[in-house]
Structures are given as structure tokens and as C-alpha cells.
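Data first, discussion second: the structure below is written as C-alpha cells.
Here, each number is a calculation from the coordinates, and none is a lab measurement. Just so it is clear, the model here is predicted, and its values are computed rather than measured. Here the Cβ is made from the backbone with ideal geometry for all residues, glycine too, and neighbour counts use every protein chain on show.
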Amino acid sequence: MTNPLVVTALFVPADGQFDAVHEALLPAIAAVHDEPGCILYAIHRTPENTIFMIEKWESAELLDTHGAGPAVAALNAALAGKLARPVEVTRLEPLPAGNEIQGSL
């Protein structure tokens, strides 16, 4: 069995587009929650009015399938013209520390 994979994605809305970016993300979240391998797919607002997504996947292979799938394609189309810059996606490597529950995502 492979280790789960955590990913972050930073969405920087263009001026005046925060609500539009948020609305564009909602259908994608609902669709992705039903995808094989999705453990976590959640968004948060930052103090800078950007949107930070945290994802957790059962494996890199299932994450790659997600990235090439219809939910991401639909999201990219819905975000066209609404972002100040491309989405910044980062795959994270766990460095567990402390106890089993609190020491990793």
C-alpha cells in the first residue's frame, strides 16, 4: 500500500473575482469528493483573500487520475479569466512528528 499524498493549491482571484472563484470551486468540490482516492478536498480563505485548498489522496496514481479528469477540466474552464495568476499546486512529503493522530495530515 502506498502512503497518502497531501497537496495544496493556491488560488489568487483577480481583482473583484473572489466570489466568482469561490462559486467556481463549489461544483468541483462536490464532484471530487466522489472520486476514487479522495480523502480530503477542502478550501479555506486566507487573510489576503486568496483561496487555499488542501487535498489528501490515497495515492499519487489516484491524484494523477484526478488531475486528468473531468472535474479538473470543468474547474479550469470555470476559472478562465477569474484568476490573477495560475494556480500554484504543491505536492507535500510528510515528515510525521509527535503522535500518530496529530503528527500528520
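So how tilted is helix 70-79 from the main axis of the chain? Cα-based, degrees 0 to 90, rounded to 10.
Helix 70-79 sits roughly 40 degrees off the main axis of the chain.
Ordered by residue, what ³J(HN,Hα) values in Hz, to whole numbers, does region 40-57 give under the Karplus form 6.51 cos²θ - 1.76 cosθ + 1.60, where θ = phi - 60° and Gly and Pro are x?
Going residue by residue, I get 8, 8, 9, 10, 9, 8, 9, x, 8, 6, 9, 10, 10, 9, 10, 10, 9, 10 Hz, with x marking Gly and Pro.
Going by amide H atoms built from the backbone, whose H comes under 5 Å of the H on Val87, apart from near neighbours?
none
What is the magnitude of the charge dipole of the chain about its Cα centre, with +1 placed on the Cβ of each Lys and Arg, -1 on the Cβ of each Asp and Glu, and no other charges, expressed in debye to the nearest 20?
Magnitude of the dipole: close to 200 debye.
Grab the other residues whose beta carbon is less than 15 angstrom from that of Phe11, score K and R as +1, D and E as -1, and report the net.
Around Phe11, the charge tally is -3.
Going by alpha carbons, how many degrees (0 to 90, nearest 10) lie between the helix axis of 18-33 and the longest principal axis of the chain?
40 degrees
Hey, what did the chain get for relative contact order, percent, Cα under 8 Å, at least 6 apart?
Value for the chain: 42 percent.
Could you please state, rounded to a whole Å, how far the C-alpha centre of region 9-25 is from the C-alpha centre of region 37-60?
14 Å
Over the chain, consider all pairs of different Cα atoms and compute the Kirkwood hydrodynamic radius from their mean reciprocal separation; express it in Å, one decimal.
Result for the chain stands at 14.5 Å.
By the scheme Lys and Arg +1, Asp and Glu -1, what is the net charge of all other residues having a beta-carbon under 13 Å from that of Ser59?
The answer is -3.
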